[in-house]
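Taking it in order: structure first as structure tokens, then the write-up.
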Amino acid sequence: MKADYQKYIHALLLLLLLVFAGCYKDQGNYDYKKINEISVTDAAAAQRIFINQGDTLRLNPAVSQTIPSGDLSYAWFMYNNSPNSSYAMPRDTIARTPNLVFRVTGDLFVLGENYRVTVKVTDNKTGISAVRQYDITVANKYAQGWMFLEEKGTGADLSMILPDNSVEHNIYSLLNPAAPLGKPVSITTTRFDVTDDLSTPNRRIYIQTESDAIELSSLTLTKKFDIGYLFFAKPRIVKPTYIGWAAYISGASPWQRMGIAINNGQVHTNLVGGFPGIKKWGEAIANPAGVYDYDIAPYIAGGSTYAATYPVVVYDKKYKRFYSVGSNALTAFPAAASTIFDMNNVGMDLLLLDSANVTDRYNAVMKDGTTPYLLQFRTVAATDDPVVTIAKVAMNAPGIVSASALASSTLTPHIFYAVGNKLYKYETTSNTTAEIFGFPATETITRMDYLKAVSGTGQQRLVVATWNGSEGKVYFFNVSAVGDLGGSYTHVFNGFNKIIDFAYKY
Amino acid sequence: MKMAYLKRIICTICAGLLVTACKEDQSLIYEQDARIYFTQGLTTEYSFTAEPASVVTDTLFIPMRIMGAAVDRDRTFNIIVDDSSTAKLGYHFQFGPLVIPADSYQLSLPVYIYRRPGLKDSVVNAYLTIGETADFKPGYIDKAFSGNPYNKQHYRISLNDQLLKPSTWDTRWATYFGSYSRTKHQFINQTYGSGAWPSVNFPQDINFVVQTMKLALYNYEQANGPLIDENGERVVFL
């Protein structure tokens, strides 16, 4: 018994000895030597560096050493550091030189993404390193600006005028060498994101040609989808004139309302919202008579509020009347909506349907034989005020029935139109017209558009495209707050092909 | 007494050492028996009414997955047709080979279904359960509550050749298609290409079904005149 007791005492003492030995103070007396300390500095690293694809990234960091050594090694590596990139993104080493000279290409640097580039300088003698990091964003040269759809040979191409007034030609063929465009018809853009779940929510760009319609990536301007993919069922006859999105204003920003595609004169709709599933354009919808032989003009009028009585209005060239567009049918206007003229029986040919200078009010320039008419209507009505027709005026506007281009001001009561090489301004309030500019006699105006506020400056602008038989030109006119063009243009851009249509890319 | 006390101290210290002892972490690899299950236990309802009379057979596919690693030989599994089934194996339906090919983790099992005269006036069901073979045991059950008997070990195939008013007609489709008639139902099935449209439930997908039907009816009427249903009424969509 006693022996057992002692055995346990010994075991416990041994354990205690081990525990106390663990607390033994280290009396180490080592020999410290100074080593070479490296630091890497670069003023350029202080802020994010924006660089375009195709440009060369040049970084020249300064290396300082406490005990200068000639035996240094360098490594430049980078990884994707975008907010939504994963932690497991690969790291690529792109150089082993003191300074970086590296061409930014799409295989390593994706457009719009953020990257962190790190330089690591190592003293090979000690193995000690220092690093400096740079934040890089691959900027989009084509992020914003006017996009011009041009006829080029038997196909089409795109040019852009960028916000700094520099011009880039042949953009589409440069970025999409394998997917040439057919004969161009129109180009449409949205200035708001569309959540159709076909791809990441983003602004949409559609190009319509005589035999196809494509969606372009708003980030890379590369072709994403053709008409067979944009529609649930590819239309039997492919002849698109318009694909775009009606919007309403929420707060100060436009929001997606309804997608409208006009193909072979027929209306197709697309409904997006917070619900799941891929949204594409559906089948053609019938007119109020339940038939499909109508022919819609490539214009849409919309309402600015979500509760707008008539969110989308279109014009039928065949039956010469307006329709309100629902998801699954075109509907007629109620009888009470029409007083000054009959929305359901206009009986004239449409030349232009565009926003007027009052919110929710639209200008429809018509011709009845050789007589031009301005019809004005609104898209918001109320139960106790159901009338949408506002005005019907025989226009005192010489030559407008044969105008080659028209644009309605959304700020002042004016409609600009072009006959041959002459530019005219029609005033809706006084029913008068003035010739405001004459282009060289060899040029004819092919297209024009009015922009209420140029991005960044808020300037009102009229953009006019001309064609002289061999070269297209674009003129910018600044428009004053009362609608004056100031006698001449502010900018002219040369070297275009024949411009068929243009739109601003936001 | 003292003895027991010391013993306890020493045991506690030793236990403490044992508990904190380090051991290399083993990677989590499924090392149990090979098993198989339906990727999604559910009901497939098939109606031959969407097909012209000339179609007397069709094929359904049931997705299946295995548990455990793939092996380099074909392995067989078993599906038991429950006694309560009204569909007869070999008469109403027949399985493709019950074999998981070598080096595969999954399979779309073909089930051949036959249009038999009895389907005109009755709905037959096949209740399927995973059975056991030397190669595979039944796989896991994802939902063990009675509300969904068709968990990953169970599957139901329902066959018919008669038009049954879809349960979603009144709640979802009456707004677009109006009152129900068998002729109208048949027309929609044939245009859509199957009887699966009643379960379409996202707004733009519903719009596409509605737009497609309206255009199809318009084209039908252009070619043949109005479509009259079994009650003598003209088929119209709202």
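The values are calculated or read from the model by the stated rules, or taken from the named source; none is laboratory data. All of these numbers come straight from a predicted model, not from anything done at the bench. For neighbour counting, all protein chains shown are included, and Cβ atoms are generated from backbone atoms with ideal geometry for every residue, glycine included. Quick note on the areas: whole protein, heavy atoms, side chains included, nothing else; ligands and nucleic acids left out. Shrake-Rupley method; radii C 1.70, N 1.55, O 1.52, S 1.80 Å.
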Item to check | Set of lysines with alpha-carbon distance to B:LYS152 below 18 Å, sequence-local pairs under 8 removed | outcome: B:LYS137, B:LYS143
Next on the checklist: I'd like the accessible area for A:TRP467, computed on protein heavy atoms only with a 1.4 Å probe and all protein chains in place. Round to 10 Å², please.
Outcome noted: 60
Checklist entry - Given the C-alpha centroids of the stretch A:65-91 and the stretch A:234-305, what is the distance between them in whole angstrom? => result 50
Next on the checklist: What's the magnitude of the charge dipole for the stretch A:145-401 around its Cα centre, counting Lys and Arg as +1 and Asp and Glu as -1 at the beta-carbon? Answer in Debye, nearest 20.
Outcome noted: 220
Checklist entry - Where the Cα atoms of the stretch B:35-160 are projected onto their three principal axes, how long is each span, largest first, in whole Å? => result 45, 33, 22
Item to check | Accessible area, probe 1.4 Å, largest first, for residues A:TYR74, A:TYR5 | outcome: A:TYR5, A:TYR74
Checklist entry - Out of A:ILE237, A:GLY155, A:VAL312, whose Cα points farthest toward the positive end of the dipole of the stretch A:145-401 (charges: +1 Lys, Arg; -1 Asp, Glu; placed on Cβ)? => result A:ILE237
Checklist entry - Rounded to the nearest 500, what is chain B's calculated 222 nm mean residue ellipticity when only DSSP H runs of at least 4 contribute -39500 (n - 2.57) each, over all residues? => result -7500 deg cm²/dmol
Checklist outcome for this item: Quick calc, chain B, dipole around Cα centre from Cβ unit charges on Lys, Arg (+) and Asp, Glu (-), nearest 20 debye, gives 820
Checklist entry - When we measure straight from the Cα of A:LYS279, which aspartates and glutamates land under 17 angstrom away, once same-chain ones fewer than 8 places off are left out? => result A:ASP193, A:ASP196, A:ASP197, A:GLU215, A:ASP226, B:ASP205
Checklist outcome for this item: When the charge dipole of chain A is computed with +1 on Lys and Arg Cβ and -1 on Asp and Glu Cβ about the Cα centre, the Cα farthest towards its positive end, among A:LEU219, A:GLN266, A:GLY290, belongs to A:LEU219
Checklist entry - Working out 0.36 nm times the residue gap between A:SER86 and A:ASP349, then minus their Cα-Cα distance, what length gain in nm do you get to one decimal? => result 89.0 nm
Checklist outcome for this item: In square angstrom to the nearest 100, the accessible surface buried at the B/A interface, both sides summed with a 1.4 Å probe, amounts to 2200
Next on the checklist: Given points 7 Å out from each Cα along the Cα-Cβ axis, report the B:GLU31 to A:SER64 separation in nanometres with one decimal.
Outcome noted: 5.9
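Nearest 20 debye, what's the magnitude of the dipole of chain A about its Cα centre given +1 on Lys and Arg Cβ and -1 on Asp and Glu Cβ?
Dipole about the Cα centre, nearest 20: 900 debye.
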Item to check | Overall dimensions of the protein assembly as shown as given by Cα atoms, namely Rg and Dmax in Å | outcome: 37.2, 130
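Where a ≥ b ≥ c are the square roots of the eigenvalues of the C-alpha gyration tensor, would you call the stretch B:68-109 rounded, which needs a/c under 1.5, or, failing that, prolate if a/b is larger than b/c, or oblate?
Because a/c hits 1.5 or more and a/b exceeds b/c, the stretch B:68-109 counts as prolate.
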Next on the checklist: Once ligands and nucleic acids are excluded and a 1.4 Å probe is used, how much of A:HIS491 is accessible, expressed in Å² to the nearest 10?
Outcome noted: 60
Checklist outcome for this item: In degrees, nearest 10, the alpha-carbon axis of helix B:203-224 is tilted away from the dominant principal axis of the alpha carbons of chain B by 30
Item to check | Neighbouring partner chain Cβ atoms per residue of A:277-290, average, 10 Å criterion | outcome: 5
Checklist outcome for this item: FRET efficiency (A:VAL482, A:THR222; Cβ distance; R0 45 Å; to 0.05) is 0.60
Item to check | Peptide A:11-17, shielding by other chains (average Cβ, 10 Å cutoff) | outcome: 2
Checklist entry - What order do A:ILE340, A:ILE38 take when sorted by accessible area (1.4 Å probe), most exposed first? => result A:ILE340, A:ILE38
Checklist outcome for this item: By the C-alpha gyration tensor axes a ≥ b ≥ c (rounded if a/c is under 1.5, else prolate when a/b exceeds b/c, else oblate), the shape of the stretch A:44-139 is prolate
Item to check | B:ASP142 versus B:TYR180: modelled label distance in nm, points set 7 Å from Cα along the beta carbon direction | outcome: 3.0
Item to check | Equivalent ellipsoid, the stretch B:179-238 (semi-axes from 5 times Cα gyration tensor eigenvalues, Å) | outcome: 20, 13, 10
Item to check | Crossing angle, helix B:2-20 versus chain B [Cα axis fit, 0-90 degrees, rounded to tens] | outcome: 40
Item to check | Acute angle (nearest 10 degrees) that the helix A:2-21 long axis makes with the longest principal axis of chain A, alpha-carbon atoms | outcome: 60
Next on the checklist: Let me make sure I get this right: for the stretch A:145-401, a, b and c are the square roots of the gyration tensor eigenvalues over alpha carbons, sorted descending. Under 1.5 in a/c it's rounded, otherwise prolate if a/b > b/c, else oblate. Which is it?
Outcome noted: prolate
Next on the checklist: Please report the antiparallel percentage of DSSP beta bridges with both residues in the stretch B:35-160, rounded to the nearest 5.
Outcome noted: 75
Checklist entry - What lysines sit close enough to A:LYS425 to cross-link, taking a C-alpha to C-alpha distance under 28 Å and skipping anything fewer than 8 places away on the same chain? => result A:LYS317, A:LYS320, A:LYS367, A:LYS392, A:LYS452, A:LYS473, A:LYS498, A:LYS505
Next on the checklist: Run the helix sum for chain A: -39,500 (n - 2.57) per DSSP H stretch of 4+ residues, divided by residue count, reported at 222 nm to the nearest 500 deg cm²/dmol.
Outcome noted: -1500 deg cm²/dmol
Item to check | Solvent exposure ordering (accessible area, 1.4 Å, most first) of A:PHE225, A:PHE109 | outcome: A:PHE225, A:PHE109
Item to check | Residue list for the stretch B:211-238, given a label point 7 angstrom along the Cα-to-Cβ vector of A:ASN264 and an amide N cut-off under 17 Å | outcome: B:211-223
